[in-house]
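What follows is one structure encoded as structure tokens, with my remarks underneath.
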Amino acid sequence: MQESKRYEVVVVGAGVCGIYQLYRLLEQGINVTVLEAGADLGGTWYWNRYPGARFDSESYSYAYSFSDELLQEWDWSEHFASQPETLRYLNYVADKFDLREHMQFDCRVNSAVFDESECIWKVILEDGRSLTSNILLTAIGMLSTPTLPNIEGISAFQGESFHTYHWPKEPVELQGKRVGVIGTGATGVQVIADIADKVGSLTVFQRRPNWCAPLKNGPIDAATMVEIKASYDEIFEKCRTTPGGFLHGPDPRHVEEVTEEERKEFWEELYNSPGFGVWLGNYRNVLMEDAANAQYSAFIADKIRSRVLDPQLAEKLIPKDHGFGTRRVPLETNYYEAYNRSNIRLVDLNETPIERVTENGVRTTSEHHEFDLIIYATGFDAITGAFDKINIEGPRGNKLRDKWQEGPVTFLGLQTHGFPNMMTLAGPQGASVSSNFPRAIEDAVDWATAFISYLREHQYQRFEPEEAAEADWLEHVKAGYDMMLLTKTKSWFTGYNSNVEGHDKLRYQIYLGGALQYRERLREVAENDYTGISFS
Ligand code: NA7
């Protein structure tokens, strides 16, 4: 990269979102580059190489929808593809559309400062190189800043240890190893279920259990793939009609509207069906009203009891502090059955908290556990963490991380006042985090692309959302929070992370109005000459 090379658009991040945005901008003949911190493309699917990492969305509902040719060429091998397959897919897309030559790898952005006199962003990379761009587009991920636990002694450990996000590219020997896993979120659950029968011994440190449910994955044979290829229009149409952009949408009935027998039958069916139906395909009020939620939680609790042989252990694996679906539901394959193995042990951190990590293991208040390998599945500084890591500075020296200290404030989840010529694709308060990611990013990217065409058409050099429009958006985002039980539960959705200072209260950082309403809002703003945004 040459010194201070000038671009019309810089996209930061070559993950699912950045790849698609690049494709769309090149189509418009825009002078664009993508800066990627990793050594290659893929974002989430590049970094998360831990055993068991895979989709919870049906593979064919996660695929890009923009090219029929691509859809017809690509064969998915499983209904819920594993990380290596997804990474291969993203590479295939980049190669097919000649995108790679417009990407620059090992380029971690340290700072982006808006220069008002020239109306450009000055972007400085970690290695000191710089470039400039009229428009800055962030596609930096919502779960791309891993957080280690705030436990003493982590660096003292002499064995192997890493956060799941930093799972090494080189094979990690598991056979016969004494392994500790800290964390039982969606990631921990995938890892634990996958490695339980591969390691010597496995100790799981659990602070709060999650409600997990079967993924029901399976291979896709050739005939089924032919059927899927013939049905893409219907698949994407279905996704466009559900609040989460998944193949699963809520049943319009309420729990009380059906007989107990009907309800049980339906819930059995949901529990035994593939994917997120068990979470998102339920009666409408299960995720909104305590009483309905309690009934479903009791049903799932019994399922857990039926799968874990030791009744006391089963109780420890059943969440007591929140109802089903009010945190992210980890989908699993034999997760609960793993606890029936003799080489696995659950340490309940509520009974025996971790005191520290030592040279050769983890010390709790009751004993010292020796390990060869410690896996930190301890989550992320979600949604705003990746923004906080970059010094994003507006024209008056104002910093984004200061503005968003108490939680993000945006217009449409795509722009933010005080930071002209910037769009936060897949950003906070947009629909992507609460949706099947590619479906939502296609909406956001298509909107941003049309917006950039509009700027060019009108020869506008500068745009910035108005404060009033932003305040209205915040109210709209907040209104979504009133409806859902999940906003009353502490999780990364709602901005809590015990390992990040200050993240101990509710943050309005996700859009809960549903993908349909989000799309509608985007459309309205575009059709009204981008009302709420100032141009010059
Ligand atoms: P999550 O869902 O944030 O899970 C992190 C887990 O780590 C969770 O069980 C935490 O317990 C646990 N944790 C975090 N810090 C500590 C400390 N200090 N001590 C003990 N346990 C700790 O992250 P994931 O990576 O699993 O999932 C993130 C998303 O990625 C997921 O939803 C998918 O969409 C993909 P806690 O529950 O906070 O008590």
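The values are calculated or read from the model by the stated rules, or taken from the named source; none is laboratory data. Quantities reported herein were computed from a predicted structural model and do not represent experimental measurements. With ideal geometry, Cβ positions are generated from the backbone for all residues, glycine too; neighbour counts draw on all protein chains shown. Quick note on the areas: whole protein, heavy atoms, side chains included, nothing else; ligands and nucleic acids left out. Shrake-Rupley method; radii C 1.70, N 1.55, O 1.52, S 1.80 Å.
Filter region 454-478 down to the residues that are charged (D, E, K, R) and either open to solvent by 60 Å² or more (accessible area, probe 1.4 Å) or out of contact with any Pro (no Cβ under 6 Å at 6 or more places or on another chain) (or both) and list them by number. Write out each step before concluding.
Here is the first cut: in region 454-478, the ones charged (D, E, K, R) are 456-457, 462, 464, 466-467, 470, 472, 475, 478.
Answer for region 454-478, where residues must be charged (D, E, K, R) and either open to solvent by 60 Å² or more (accessible area, probe 1.4 Å) or out of contact with any Pro (no Cβ under 6 Å at 6 or more places or on another chain) (or both): ARG456, GLU457, GLU466, GLU467, GLU470, ASP472, GLU475, LYS478.
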field: Selected residue (only one of ILE140, ILE192 is of a type outside the set (Asp, Glu), within 20 Å of the chain's Cα centre (by Cα), more than 14 Å from the ligand (Cβ to nearest atom) and outside the structural domain of GLU355 (by TED's automatic domain parsing))
entry: ILE140
field: Single residue of region 387-416 satisfying the filter (open to solvent by 10 Å² or more (accessible area, probe 1.4 Å), touching a residue at least 12 places away in the same chain (Cβ under 8 Å) and assigned to a helix (DSSP H, G or I)) that is nearest to the ligand (Cβ to nearest atom)
entry: ASP388
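Residue by residue, here is whether (1) closer than 24 Å to LEU512 by Cα; (2) within 16 Å of the ligand (Cβ to nearest atom); (3) at pLDDT 95 or above holds:
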{"site": "LYS264", "(1), (2), (3)": "no, no, yes"}
{"site": "VAL278", "(1), (2), (3)": "yes, yes, yes"}
{"site": "SER297", "(1), (2), (3)": "yes, no, yes"}
{"site": "ILE318", "(1), (2), (3)": "no, yes, yes"}
{"site": "LEU331", "(1), (2), (3)": "yes, yes, yes"}
{"site": "ASN340", "(1), (2), (3)": "no, no, yes"}
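When you go through LEU486, LEU512 one by one, which is the residue that is within 16 Å of the ligand (Cβ to nearest atom), crowded, with 20+ Cβ neighbours inside 10 Å, in contact (Cβ under 8 Å) with a residue 60 or more places away in the chain and under 30 Å from LEU455 (Cα atoms)?
The match here is LEU512.
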First in region 194-223 and farther than 22 Å from TRP279 by Cβ, second anywhere and of a type outside the set (A, V, I, L, M, F, W, C) and within 16 Å of the ligand (Cβ to nearest atom), Cβ under 6 Å, 6 or more apart: ILE195/PRO51; THR203/GLY180; THR203/ARG345; THR203/HIS369
For LYS169: the one exception among (1) of a type outside the set (A, V, I, L, M, F, W, C); (2) within 16 Å of the ligand (Cβ to nearest atom); (3) within 24 Å of the chain's Cα centre (by Cα): (2)
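Filter region 272-319 down to the residues that are aliphatic (A, V, I, L, M) and in contact with a helix residue (DSSP H, G or I) (Cβ under 7 Å, 6 or more places away or on another chain) and list them by number. Steps first, please.
Our first condition is that a residue be aliphatic (A, V, I, L, M); within region 272-319, this holds for 278, 280, 286-288, 291-292, 294, 298, 300-301, 304, 308-309, 313-314, 317-318.
Matches in region 272-319: VAL278, VAL286, LEU287, MET288, ALA292, ILE304, VAL308, ALA314, LEU317, ILE318.
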task: Could you check, for region 51-67, whether at least one of its residues is open to solvent by 40 Å² or more (accessible area, probe 1.4 Å), part of a helix (DSSP H, G or I) and either among the basic types (Lys, Arg) or at pLDDT 95 or above (or both)?
output: no
query: Any residue at all in region 168-187 that is farther than 30 Å from SER61 by Cβ, touching an Asp or Glu at 6+ places or on another chain (Cβ under 7 Å) and open to solvent by 30 Å² or more (accessible area, probe 1.4 Å)?
result: yes
Every residue from region 239-255 that is without any contact (Cβ under 8 Å) to a residue 40 or more places away in the chain and away from the ligand (no atom under 16 Å from the Cβ): GLY249, PRO250, ASP251, PRO252, ARG253, HIS254
field: Scan of region 151-195 for residues that are farther than 22 Å from ILE354 by Cα, in contact with a strand residue (DSSP E or B) (Cβ under 8 Å, 6 or more places away or on another chain) and of a type in the set (Gly, Ala, Ser), ordered by number
entry: ALA193
message: Criterion first (surrounded by 17 or more Cβ atoms within 10 Å (Cβ to Cβ), within 16 Å of the ligand (Cβ to nearest atom) and either on the phi > 0 side of the Ramachandran plot or modelled with pLDDT of 95 or more (or both)) does LEU373 satisfy it?
response: no
query: Is it true that THR203 is over 28 Å from GLY13 (Cβ atoms), part of a loop (DSSP other than H, G, I, E, B), within 16 Å of the ligand (Cβ to nearest atom) and open to solvent by less than 20 Å² (accessible area, probe 1.4 Å)?
result: no
- prompt: Any idea which of (1) crowded, with 19+ Cβ neighbours inside 10 Å; (2) assigned to a helix (DSSP H, G or I) is the one ARG507 doesn't satisfy?
  reply: (2)
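Every residue, every condition in (1) farther than 24 Å from ALA377 by Cα; (2) within 16 Å of the ligand (Cβ to nearest atom), yes or no:
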position: ARG439; (1), (2): yes, yes
position: THR449; (1), (2): yes, no
position: GLN459; (1), (2): yes, no
position: GLU470; (1), (2): yes, no
position: TRP473; (1), (2): yes, no
position: VAL500; (1), (2): no, yes
position: LYS505; (1), (2): no, yes
position: TYR508; (1), (2): yes, no
- request: Identify the single condition in (1) on the phi > 0 side of the Ramachandran plot; (2) within 16 Å of the ligand (Cβ to nearest atom); (3) not basic (Lys, Arg) that VAL16 does not satisfy, given that it satisfies every other one.
  value: (1)
